[in-house]
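Take a look at the structure set out below.
The values are calculated or read from the model by the stated rules, or taken from the named source; none is laboratory data. Predicted, not measured: the structure shown is a model, and the values here were computed from it. No Cβ is skipped: glycine too gets one built from the backbone with ideal geometry, and neighbour counts run over all protein chains shown. Keep in mind that these areas ignore ligands, DNA and RNA; they rest on the heavy atoms of the full protein, side chains included. Shrake-Rupley method; radii C 1.70, N 1.55, O 1.52, S 1.80 Å.
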Amino acid sequence: MSSNSDHQTHHDRSFVSNQQHQSTAVIVPPPCSHLAEFKAGRGAAAFGKLLECIQVRPLGRASVRRQANEVFQCGACGQLSLRLYACVSCPAVVCDIHAPDHEHEIVIDVDRAELFCGSCGDQVYDRDFDSAIVLSQTAAATLGGCNSLCAPPPENLRKRRRVDYRPWTPDSKERALLGSNSTLLLGNDEDTSSNSIFPVGLKGLNNLGNTCFMNSVLQALLHTPPLRNYFLSDRHNRFVCQQKNGAHERKNKNPLRLCLACDTDALFSAVFSGDRKPYSPAKFLYSWWQHAGNLANYEMQDAHEFFISMLDGIHEKVEKDEKKPHSQGSGECCIAHRVFSGILRSDVMCMACGFTSTTYDPCIDISLDLIPPINPEPSGTKTKTETESQLTPTLIGCLDRFTRPERLGSDTDQKFFCQRCKIRQESLKQMSIRKLPLVSCFHIKRFEHSPVKKLSRKVDRYMQFPFSLDMSPYLSSSILRGRFGNRIFAFDGNENEEQDFSSEFELFAVVTHTGKLDAGHYVTYLRLSNEWYKCDDCWVTRVNESIVRGVQGYMMFYVQKMLFYKATDKI
C-alpha cells in the first residue's frame, strides 16, 4: 500500500494534472513529433515486442518485465535509479539522467509502463499503446480476459456533456395556474408574532415518552429537499392510497395494515400547514410500530436504527403497491431509495497473481469508524494547539480510511480464495462508491459493543465535519484511475456513469447524541435559509454556526449541491 506514494513522486510536468481531482475532464495532450516519426517508420507493430513484456502487479499497476523477478539498472552508470526507462528501439536501459543523452528518443518507464520522450523531456501519450496497456490490466483482473474492451465505442473515450443546473421560474400561464390552485401559507407576512422569524415547516415535535430518537430523525427527513418536494407535491396521496388498499384488503378479507408512507404524508401536511404549535406524531409512531414489532415499546432506541427501519417500511409498502421489478440497488423502487440509495464497490485483489473479485452492494447510508489519526512525530516547533488539531478525527479522514486498501487477515481461514490460483492467498480489499445518492447520510459509530468482554460503551470523541463536501476522491472512477495509472481514456466505461451527477454536497442536518449509552438524548441541528436551528423535541431555537461546528455528530445528512437551495423564508 505504501507504493501508492512513490507513484505520485513524478517530477515531470505531466503528473501535475494527476494531482488534481480525478473528476475533471480528461484532456488529451498534443502529439509528440518524435513519437509520430517513430511510429511512421514502424507501423502498427511499433510496440509489439514491448507489449509482450507487460506484467500486471497487485492493485492493477502495469510494469515492463521480460522475466518475473528481473531487476533493471542503468546501462550508462550502472545505478539502480528510482526512474528507469527501457528503449523501445534497442535493449538499452537508461535512468532519468541519461535518458536525454540516449540515441533513441522514445523510451518506456519500466515501473509504470508509460511512454517518455527524451528530447521533449516529458511523458508522451499514444492511444494504441495505452489501449493495449489497459486491456492487459483488465485481462489480469478477470478470469477469461475482456472481450468487450477490445474495440471500445467512441462514446466511452470521452464524457458526456454535463448540463448546467438552471433554477425553474414559472411563466405567465404557470403563474396563473399556481395562483388559482394554491393558497398562501400563514406564518410569514400574516404572522406578526415572534415565531415569524422561523421558516415555514420548522416546527417542534412533542416527546411521547423516550421518542427523541424518532423526533431527531424526523426533523432531518422533513427538511430533506427531494423527500420534502415529493410529499408536498402530492406524489403519494394518502386518501387515494387508503381507498385502494382498503378495497384490496376487503377483497382478500385481510385486516387493514397501516401504510407508513401515508402517515409520512400526513406528517408533512401537518408540519407544513403553517401552524406553529408543536405536533405530536402519535399516529406515525403507532404505524411505525406495526412495521418494527421488535422495537414497539417506550424504551430509548437508536436513531440510526430507526432511520433504517423507517426507510425499509416505506420501501416495503410502496414496492408492493407499485409492483415494479426494480431492485433496491437501482435506486428506482421507491422514494426512500431514490433519495438515499447508493452503490458501493468492493474489490478484493490477490497479492500473488493480481486477480480481482468485484462485488456491488446497495446502501442507504455509510457507517464510519471513529478512529483518531496516527500520532504525529514530536516536534519542538509545533504548539499544543497544532498537535491537538492533528489528533482530532475528521469526516474526511474517516472517508479516506473507509476507501483505503487494507490487507486481509493472514490466517488460513481468513485468506481470500483466488479463482485463478485455486488456493487461498493473501489479498487486499478496497472499498469505493460506485454511485452517489441524492442525499448522503454518514453514520458515525459512537457505540461500541465487545462480544468477548460483553461490554458496551459510548465513544465521546469530537469529530470535525465540513459544511461543504467533495465526494469525487472516493468514487470508483477516481480510485480505479489512480490504480490503473494516468491513461487517456477510462478502461471501464461503466465506472463513469456516477460522474454524470454532482459530487459536491452541502450539509443540511446533524443529529447529535448527548449523555450515556443507556440514558441519553438526541437533538437535531437544521440548516434552513442559510441559518442554523436547534430542534430539541418541541423546542426550536436559532443557533450560531460555531455551535454546530462544536457538536458531536452522530448522523450527518448531506444533499447534492445542485439540490441545495439557499432560499428565503417563503416556500
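Is there a residue in the range 205-217 that is buried (at least 18 other Cβ atoms within 10 Å of the Cβ), under 14 Å from residue 314 (Cβ atoms) and modelled with pLDDT of 85 or more? Scanning the range 205-217 turns up at least one residue that is buried (at least 18 other Cβ atoms within 10 Å of the Cβ), under 14 Å from residue 314 (Cβ atoms) and modelled with pLDDT of 85 or more. Residues in the range 523-540 that are hydroxyl-bearing (Ser, Thr, Tyr), open to solvent by 10 Å² or more (accessible area, probe 1.4 Å) and either under 23 Å from the mean Cα position of the chain (by Cα) or modelled with pLDDT of 95 or more (or both): 1 in all. From the list 456, 410, 432, the one residue that fits, being among the hydroxyl-bearing types (Ser, Thr, Tyr), surrounded by 13 or more Cβ atoms within 10 Å (Cβ to Cβ) and not in a helix (DSSP H, G or I), is 432.
To keep it simple, each residue is scored yes or no on (1) open to solvent by less than 40 Å² (accessible area, probe 1.4 Å); (2) in a loop (DSSP other than H, G, I, E, B); (3) at pLDDT 80 or above.
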{"site": "103", "(1), (2), (3)": "no, yes, yes"}
{"site": "129", "(1), (2), (3)": "yes, no, no"}
{"site": "133", "(1), (2), (3)": "yes, no, no"}
{"site": "144", "(1), (2), (3)": "no, yes, no"}
{"site": "167", "(1), (2), (3)": "no, yes, no"}
{"site": "192", "(1), (2), (3)": "no, yes, no"}
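Candidates in the range 285-301 are the residues that are more than 31 Å from the chain's Cα centre (by Cα) and open to solvent by less than 40 Å² (accessible area, probe 1.4 Å); of these, the one that is farthest from residue 198 (Cα to Cα) is 287.
Just for the range 37-94: of the residues that are of a type in the set (Phe, Trp, Tyr), within 23 Å of residue 128 (Cβ to Cβ) and modelled with pLDDT of 75 or more, which one is surrounded by the most Cβ atoms within 10 Å (Cβ to Cβ)?
85
Being open to solvent by less than 60 Å² (accessible area, probe 1.4 Å) and either modelled with pLDDT of 90 or more or under 17 Å from the mean Cα position of the chain (by Cα) (or both) is the filter here; which residues of the range 302-334 pass it? Residues satisfying the conditions are 302, 303, 304, 306, 307, 308, 309, 310, 311, 329, 330, 331.
Pairing each residue of the range 334-348 that is of a type in the set (D, E, K, R) with any residue that is not in a strand (DSSP E or B), provided the two are 6+ apart or on different chains, yields C-beta distances under 7 Å for 338/331; 338/332; 345/476.
Name every residue in the range 458-510 that is of a type in the set (Phe, Trp, Tyr) and modelled with pLDDT of 90 or more, in order of residue number.
Start the filter on the range 458-510 by keeping residues that are of a type in the set (Phe, Trp, Tyr), which leaves 462, 465, 467, 474, 484, 489, 491, 501, 505, 508.
The answer is 462, 465, 467, 474, 505, 508.
For the range 351-371, name all the residues that are in a loop (DSSP other than H, G, I, E, B) and at pLDDT below 90.
Initially, the range 351-371 is screened for residues in a loop (DSSP other than H, G, I, E, B), giving 351-355, 364-365, 370-371.
Matches in the range 351-371: 351, 352, 353, 354, 355, 370, 371.
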